[in-house]
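First comes the structure, then the notes that go with it.
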Ligand code: ZN
């Protein structure tokens, strides 16, 4: 039920906010990438954020994630608008897309769009001919000699061979580190890379079969028999020309561990830029960084600048006032009937008998940002501040929902994050800090939302630091006055000095 909700929510989002995202991205020169997941025999919920972080971390991409209906559900309405993007990246290995979507995708790529197939995306769609021409080679799914040759590097002959002998397509040995050997150092993707470099423990795909038309193998890896491999130099990185479109195919990236490998990250970043634009503008990577004696690893989230891990400096530059101190211009009340008034530059929310939760919400939506405010809350009143939240007529008739940074008197959960209105409950767990909030005083809250990471501080104390892959990455900010029990209250909550600093 919840998964289905997320999908419909996303489709609503795509119509309302993607255009804006796209315009912003075009303005700052970023490549627009659509990352598709939703079905995969691999853990796409874990790997999609890593792919997104890897791409966005190099500063060249703005990535939207599109999650398909779950396995077994109908894909009749799964019709992504590929045309908005420069490149489509697939982390998808599942049910066949509907005819219309297949044709749209073929038209997108053959018309000059970029496509990147990551690891098990090349297991997908054995029955879809055009898709197999795009990826060049694929594995499993009943693939055999009917689908095309094995393509291998023969070290003795110093050339690639195409082997049409009978046999299944797709295999791998144990997950071990292996050497990536560049076979063409003149291609834009590989030109700025060392000639050999180690990938951390990963599946080394072998025996892939496919049409292999207009395919160019950039790098191979030796699939060692000692660890269950084929004894062949198997293609790892490939480019394929499909009509006017460019395809980058990487077989690397089985799981989160494999995606820690710099070999995976740098080749994905460069390959995706090339697929999108035909060139690579990213800086050269030397053998000191991308080492060949042992695998170099890095948390993809670690590409976020270091200054984004410490508490934001609320006295620093770049902050903008969200509340003008005198009226509610730029804000709208949603859901309940609690009252909000302005008093001496402070927003005062007051409970109303019989009202559900009320929210005073920014009209604008925010994606990556730092937010700060001061708050003072009557004992007995639960409150909170919504971030990246939504209110849509087709979801519970406009019910405000999304991550809420909790506000309540100590001992309590102030600073922890609750998924308002979704039935999901607390996003943060465990919640050991109960006393950061000072009752009867002004309390300084600081929040950072960047990618799927949300961090909070209350009075300088770190409270939450989570990765939330389920909530929307973009939405409004809302000040909550909670509903109250009959014959209690009225209670008040006050906010002041509400400021935001948007992050790229
Ligand atoms: Zn795998």
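List of remarks:
- Residue that is farthest from the ligand (Cβ to nearest atom) [pool: residues in the range 31-50 that are in a helix (DSSP H, G or I) and in contact with a strand residue (DSSP E or B) (Cβ under 6 Å, 6 or more places away or on another chain)]: 48
- Any chance residue 201 is more than 15 Å from residue 235 (Cα to Cα) and more than 16 Å from the ligand (Cβ to nearest atom): no
- Residue ranges of strands (runs of 3 or more DSSP E) in the range 91-175 with at least 1 members in contact with a helix residue (DSSP H, G or I) (Cβ under 6 Å, 6 or more places away or on another chain) and either within 15 Å of the ligand (Cβ to nearest atom) or under 19 Å from residue 217 (Cα atoms) (or both): 114-118
- Restricting attention to the range 60-72, the residues being in contact (Cβ under 8 Å) with a residue 60 or more places away in the chain and out of contact with any helix residue (DSSP H, G or I) (no Cβ under 7 Å at 6 or more places or on another chain) number 1.
- Breaking point among (1) away from the ligand (no atom under 15 Å from the Cβ); (2) touching a strand residue (DSSP E or B) at 6+ places or on another chain (Cβ under 9 Å), for residue 178: (1)
- For residue 140: the one exception among (1) touching a strand residue (DSSP E or B) at 6+ places or on another chain (Cβ under 8 Å); (2) surrounded by 15 or more Cβ atoms within 10 Å (Cβ to Cβ): (1)
- Within the range 209-226, restricting attention to residues that are out of contact with any helix residue (DSSP H, G or I) (no Cβ under 7 Å at 6 or more places or on another chain) and not in a strand (DSSP E or B), the residue that is surrounded by the fewest Cβ atoms within 10 Å (Cβ to Cβ) is 226.
- Verdict on residue 79 being touching a helix residue (DSSP H, G or I) at 6+ places or on another chain (Cβ under 7 Å), at pLDDT 95 or above, crowded, with 16+ Cβ neighbours inside 10 Å and not in a strand (DSSP E or B): no
- For the range 495-504, the tally of residues that are surrounded by fewer than 19 Cβ atoms within 10 Å (Cβ to Cβ) and either more than 23 Å from the chain's Cα centre (by Cα) or modelled with pLDDT of 95 or more (or both) stands at 3.
- Candidates in the range 188-207 are the residues that are more than 28 Å from the chain's Cα centre (by Cα) and part of a loop (DSSP other than H, G, I, E, B); of these, the one that is farthest from residue 275 (Cα to Cα) is 207.
- Inspection of the range 185-198 identifies no residue that is within 14 Å of the ligand (Cβ to nearest atom) and touching a residue at least 60 places away in the same chain (Cβ under 8 Å).
- Check on residue 99, assigned by TED's automatic domain parsing to the domain that holds residue 295 and surrounded by fewer than 21 Cβ atoms within 10 Å (Cβ to Cβ): yes
- Of all residues in the range 208-223, at least one satisfies being within 14 Å of the ligand (Cβ to nearest atom) and either in contact (Cβ under 8 Å) with a residue 60 or more places away in the chain or not assigned by TED's automatic domain parsing to the domain that holds residue 51 (or both).
- When each of 355, 332, 326 is tested for being assigned by TED's automatic domain parsing to the domain that holds residue 382, on the phi < 0 side of the Ramachandran plot, surrounded by fewer than 17 Cβ atoms within 10 Å (Cβ to Cβ) and part of a strand (DSSP E or B), the lone residue that passes is 332.
- From 125, 105, residue being under 23 Å from the mean Cα position of the chain (by Cα), buried (at least 19 other Cβ atoms within 10 Å of the Cβ) and over 18 Å from residue 268 (Cβ atoms): 105
- Counted residues, the range 407-425 - those being assigned to a loop (DSSP other than H, G, I, E, B) and in contact with a strand residue (DSSP E or B) (Cβ under 8 Å, 6 or more places away or on another chain): 9
- So residue 282, is it within 16 Å of the ligand (Cβ to nearest atom) and more than 17 Å from residue 184 (Cα to Cα): no
- Those residues of the range 250-279 which are within 16 Å of the ligand (Cβ to nearest atom), more than 19 Å from the chain's Cα centre (by Cα) and farther than 20 Å from residue 56 by Cβ, in sequence order: 251
- Residue 40 vs. criteria over 26 Å from residue 280 (Cβ atoms) and at pLDDT 95 or above: yes
- Filter pass, residue 236 being within 16 Å of the ligand (Cβ to nearest atom) and in a helix (DSSP H, G or I): no
The values are calculated or read from the model by the stated rules, or taken from the named source; none is laboratory data. What you are looking at is a predicted structure, and each value in this text was computed from that prediction instead of being measured. Don't worry about glycine lacking a Cβ; one is built from the backbone with ideal geometry, like all the others, and counts go over all protein chains shown.
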